[in-house]
Amino acid sequence: MKGTPIFFYIFVMWALIIGGGGLLVSIIAPLSIHGFGKLDSLIDSVVKAGIAMVLVVLWILVMSKIKNWIFHKQISH
Amino acid sequence: MLDKTIVGILISAIAFVTVYVITPGLINILTKRNMVVKDFNKPTAIMVARPGGPSILAGILASEFALYAFFPSNEILAIIITTSLAFLVGFADDRKVLGGWFKPLALAGSAAPIILLGVYYPHLAFPLFGSVSIPELYLGLIIFMIPVMGNSINSIDVLNGVASGFMTIASFALTICLFIVHNYDIALASLPLGFVSLAFYKYHKVPSRIFPGDSGALTLGAMYGTLAIVGHVEVIAAIALLPAVINSFLFLSSVKRIIEHRQIKAKPVVHTEDFRLMASDDKSAPVTLVRLILATGPMTEKQVGFVIFRLALFSAALAIITAFMMGIKI
């Protein structure tokens, strides 16, 4: 069927969204940072935002690698 | 519930009929004013009216104001104002070509009513795992989401009927998902988007009599993004829009900067002698969804459109599965 690799790419993207969400909710969100007094909540938010941004960059890199892998033949064509 | 069903039917009819009736008149006005552009995918020099944004906005406003008359809420006001502001951004770009950065920044500004009216819930809900509270980050997400949705629809508006047909599928999927997660009020407010897109598709499909232009595409995308935020279905909405998101991602990852499609020198798609579409073998041309679809061989414009619609249906199915998964916790 025409566009089959693209269907697969969409499916991988969907799985990564679900998996990434799970990581965010079950591991990163419950983390709490203490020991900085009044700055606790601020540092906590900054660290979590930083981890989330690193995850987004990682996600984009993974998608880019998968894109090159799936569409290698198409792109070189 | 019966009241809402009747109002749902009424606003759907208003949305569909408004666009269906107004668009032929708009085509005549635009043609008389010479507001036409060449359809580059046709063998002969066919000029097509542009932009169709005004009729799309008219359909949305007529139906959303009717809904507001029955069930007044800040959520509907946010949808109306944000969508109208996005239309103005697109209309300005239709009349005068603006820089690549102008649209994302101006669209970010048009998200302000969502924040000012406080119609958001700063939790990001994921299927199976629950939701996460991100009070400060969520404001950034709102400002980010409207430009991304608007530009994603705009970037997929490359062939006759694709933007409106794709939006019809994605927005009806969003409505179904809103019903599944029991958000009936926003599901009702989302109905006009699907019916406006469907009515516009009648004139936009191959061979197009009108193009939506930036004003039409950004209006559709911004309304979709606003519905996702006020309906608390951000992740589901993004999944239903994946083919358009992939198109933007492929484009950006190959050109590596934010620029307008019209600024690209090397075309990703060329024509065969019988004027079918064919993937360009120019290595400097950006990778796009259409170019990937055509990688297996030349196709007609209509055939490419149907492949994109199949991808949209696949994403819609994934979005609906995700909506069901929202009710399951592990």
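What follows is calculated from the coordinates using simple rules that are stated; it is not laboratory data. Model, not experiment: these values are computed from the prediction. Heads up, the Cβs are rebuilt from the backbone with ideal geometry, glycines too, and the neighbour counts pull from every protein chain shown.
Residue by residue along B:132-140, Cβ atoms of other protein chains within 10 Å of the local Cβ number 3 on average. Under 12 Å of direct C-alpha separation, and excluding same-chain neighbours fewer than eight residues apart, residue B:4 reaches these aspartates and glutamates: B:185. Shown here is the pair-distance distribution of chain B: with all Cα-Cα distances grouped in 10 Å bins from zero up to the longest one, the shares run 6, 27, 36, 22, 8, 1, 0 percent. For the residue pairs B:42/B:96; A:67/B:329; A:67/B:103; A:67/B:302, the C-alpha atoms sit more than 29 angstrom apart in A:67/B:329. When the charge dipole of chain B is built from unit charges on Cβ atoms (+1 for Lys and Arg, -1 for Asp and Glu) and taken about the Cα centre, the candidate among B:65, B:313, B:91 whose Cα reaches farthest toward its positive end is B:91.
Could you give the dipole magnitude of chain B about its Cα centre, charging the beta-carbon of Lys and Arg +1 and that of Asp and Glu -1, in debye to the nearest 20? Intermediate values should be presented prior to the final figure.
Values: 23 positive and 17 negative charges, 176 e Å.
The dipole magnitude comes to about 840 debye.
Estimated from helices alone, the mean residue ellipticity of the protein assembly as shown at 222 nm is -22500 deg cm²/dmol (sum of -39500 (n - 2.57) over DSSP H runs with n ≥ 4, per residue). Span-like helix criteria (full DSSP H runs; alpha carbon extent of at least 18 Å along the helix axis; mean Kyte-Doolittle hydropathy of at least 1.0) are satisfied in chain B by B:2-32, B:53-70, B:74-95, B:135-155, B:162-180, B:213-230, B:242-255, B:301-325.
Once the Cβ-Cβ distance between residue B:29 and residue A:36 is put in as r, and R0 is 60 Å, what FRET efficiency do you end up with, to the nearest 0.05? The value I calculate is 0.40. Fewest neighbouring Cβ atoms within 10 Å first, the residues B:44, B:168, B:272, B:300 line up as B:44, B:272, B:300, B:168.
Here B:123, B:232, A:34 are placed in order of increasing Cβ neighbour count within 10 Å, fewest first, which gives A:34, B:123, B:232.
Can you give the charge dipole size of the protein assembly as shown about its Cα centre, rounded to the nearest 20 debye, using +1 on the beta carbon of Lys and Arg and -1 on the beta carbon of Asp and Glu? Write out the running numbers ahead of the final one.
Numbers: 29 positive and 19 negative charges, 235 e Å.
Result for the protein assembly as shown is approximately 1120 debye, rounded to the nearest 20.
Going from the residue with the fewest nearby Cβ atoms within 10 Å to the one with the most, B:146, B:180 rank B:180, B:146.
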